[in-house]
Amino acid sequence: MTVINHNLNLSIIHEVKNNGRLLSDVARQYGVSTKVVYQLVRQNEQQPTNRSMVLKSEIAQLRIKIKQLTQELTLITQ
């Protein structure tokens, strides 16, 4: 499979899954083969737990950061 940057991969997947476009149309638009589009979409569908775990981890880190910033703000405003 051709190596395509991550944002392009996400755009391709979005076009197919959210906009309901044909694989061949998306492939033509982005200048890749239909096979590449199919593989990206298929790969994306097979890894929902991975994405979910990454997102949960990011959310947990952001909550910690929010807590730290809230504590700093409380100290500053007292």
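Can you tell me which residues in the stretch 9-58 are of a type in the set (A, V, I, L, M, F, W, C) and modelled with pLDDT of 90 or more?
Ile12, Ile13, Val16, Leu22, Leu23, Val26, Ala27, Val32, Val36, Val37, Leu40, Val41 - these are the residues of the stretch 9-58 that are of a type in the set (A, V, I, L, M, F, W, C) and modelled with pLDDT of 90 or more.
Consider the stretch 19-78. How many of its residues are in a loop (DSSP other than H, G, I, E, B) and surrounded by 11 or more Cβ atoms within 10 Å (Cβ to Cβ)?
Counting residues in the stretch 19-78 that are in a loop (DSSP other than H, G, I, E, B) and surrounded by 11 or more Cβ atoms within 10 Å (Cβ to Cβ) gives 5.
Limited to the stretch 20-78, what total is found for residues that are of a type in the set (Gly, Ala, Ser) and over 24 Å from Leu8 (Cα atoms)?
1
The values are calculated or read from the model by the stated rules, or taken from the named source; none is laboratory data. None of these values were measured; they are calculated from a predicted model. Neighbour counts are summed over all protein chains in view; Cβ atoms, including those assigned to glycine, are modelled from backbone coordinates with ideal geometry.
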